[in-house]
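Here is the structure we will look at.
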Amino acid sequence: MGNKIRVGLVYGGRSGEHQVSLQTALAVLKAFDYDRYELIPFYITPKGLWRSGSLLSAPPSAVAELQFTPSAEEAGGEVSGSGPVTGNALLPVLQGMSESVLAEGTSANDGKAIDVMLPLLHGTFGEDGTIQGLFEMAGLPYVGAGVLASSVGMDKVAMKTMFAQAGLPQVGYRHFIRFDWKKNREQVLLNIEELGYPCFVKPANLGSSVGVSKARNRAELEAAIEEALRYDRKVIVEEFVDAREIEVSVLGNDDPRASVPGEICSSNEFYDYKAKYIDGKSVMVIPAEVSPEVAESVRSMAVKAFRSIDGSGLCRADFFLRRSDGALFINEVNTLPGFTPFSMYPLMWKESGVSYRELLDTLIQLALERHEERQSIDYGGGE
């Protein structure tokens with residue numbers, strides 16, 4: 001019992017992808033080897049309250065078991081002791097977080113600290129560097145990308161800037177902020193129209209294709225921009241290419257490796273939120289039916305993209321393969337991709353010979369290795 005690795009799983013969250021996160025957490029908890037690991041669940045409510053569960057000796061059977069009922073104090077809006085952590089109440093526990101809200105604050109309460117945190121949060125406050133910064137300040141090892149890679153991986157404009165610096169080919173794009181749109185609407189439109197129609201309009205900082213629209217003319221472009229500005233102050237507009245959507249999984253720290261590529265065949269005109277999560281008609285082809293040369297290029301570019309943002313642990317890299325001439329363009333990377341057994345990331349590794357459980361084992365080890373390396377850094381704190 002004492003040799004088991006204690007893992008804290010964080011899921012839910014204050015994000016439009018809350019329910020997706022719950023499904024991921026259930027799948028992961030069912031896959032862990034309970035002879036090797038001790039699991040402590042941490043549920044973040046849609047309002048941002050933290051609730052810890054009991055030490056698990058067996059996986060839960062349903063999502064409902066992962067959503068812990070608030071205490072009487074929580075229901076009354078008070079915060080004390082090991083209750084929910086929110087707002088200014090977080091500050092007093094930050095200094096000793098590994099001993100408080102993320103260890104003794106749990107129902108386990110046996111004095112043993114958590115060995116590694118596994119964030120299973122998608123979207124805002126989960127894969128944008130915020131919770132990663134929290135773990136850094138608490139001195140806790142954690143799975144996945146660090147603060148920089150997480151924040152760059154969430155901001156499509158910053159991401160594309162890093163890709164350009166690394167010499168990775170991309171489709172044409174424009175970006176602007178709400179201030180520009182309000183101050184000089186006509187100039188913003190003219191700048192975008194240099195890309196031609198149709199084009200894709202996206203919030204710069206959001207996942208799961210929320211707020212994404214295809215614009216075929218100026219009227220649709222203006223409507224799409226207004227829609228995107230509902231979700232972010234920064235908007236990115238991308239050139240349309242008639243292309244296949246190819247994806248590949250990356251695993252590792254300083255010496256990452258890539259899986260076989262897969263292909264998304266969308267049920268809709270493009271791979272939007274409905275095609276991803278609602279109608280269930282989109283098809284995943286793994287491995288993708290591409291030439292060995294294209295497959296190797298995809299893997300090589302994925303690793304290069306991963307390194308360009310200083311990635312660690314895992315990511316999924318998405319590409320466009322233009323139908324007319326076979327040109328390959330990187331679209332984006334996702335530093336915390338979908339992780340149910342039916343998601344692209346683990347399925348591509350399964351086809352590459354790495355099982356779902358082996359993936360979890362590897363990610364835990366990568367997190368511990370990265371944390372150990374960071375301990376050798378002199379931060380100038382003195383004695």
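The values are calculated or read from the model by the stated rules, or taken from the named source; none is laboratory data. Computed from a predicted model, the values in this text were never measured in an experiment. For neighbour counting, all protein chains shown are included, and Cβ atoms are generated from backbone atoms with ideal geometry for every residue, glycine included. Note: accessible area is taken over every heavy atom of the protein model, side chains too, but ligands, DNA and RNA are not part of it. Shrake-Rupley method; radii C 1.70, N 1.55, O 1.52, S 1.80 Å.
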Around Lys234, under 9 Å between beta carbons, what's the net of Lys plus Arg minus Asp minus Glu among the other residues? +1
Gain in span if fully extended, Asp325 to Gln67, counting 0.36 nm per residue against the direct Cα distance: 87.9 nm
Using a 1.4 Å probe on the protein chains only, how many percent of the accessible area of region 297-358 belongs to carbon and sulfur? 48 percent
Cleavage-rule hits (GluC sites (Glu not before Pro)) in region 146-236: DSSP loop, at most 11 neighbouring Cβ within 10 angstrom: Glu194
Roughly how many whole Å is it from the C-alpha centroid of region 110-168 to that of region 303-367? 15 Å
Amide H partners (placed H, <5 Å) of Glu332, local residues excluded: Asp318
Taking a virtual spin label 7 Å from the Cα of Thr161 along the C-beta vector, which residues in region 172-204 bring their backbone nitrogen under 13 Å of it? 175-177
Label-point separation (nm) for Ala223 and Glu186, each offset 7 Å from Cα along Cα-to-Cβ? 2.4 nm
Residues with beta-carbon under 15 Å from that of Arg357, excluding Arg357: net charge, scoring Lys, Arg +1 and Asp, Glu -1? -1
Kindly give Rg over Rh for region 134-183, based on alpha-carbon atoms, with the Kirkwood expression for the hydrodynamic radius. 1.14
Once you've got the Cα coordinates, tell me which of Lys30/Lys304; Lys4/Lys112; Lys47/Lys202 are over 21 Å apart. Lys30/Lys304; Lys47/Lys202
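Between the DSSP loop rule and a limit of at most 16 other Cβ atoms within 10 Å, which trypsin sites (Lys or Arg not before Pro) in region 194-239 are left?
Arg216, Arg230, Arg233
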With R₀ set to 30 angstrom, the calculated FRET efficiency between the beta-carbons of Glu289 and Arg257, to the nearest 0.05, is 0.85
Could you tell me which trypsin sites (Lys or Arg not before Pro) in region 278-383 are loop residues by DSSP with no more than 12 other beta carbons within 10 angstrom of their beta carbon? Lys281, Arg323
For region 179-239, fraction of C-alpha pairs farther apart than 16 Å, in %: 36 percent
Net charge of Cβ neighbours under 13 Å - reference His371; Lys, Arg +1; Asp, Glu -1: -3
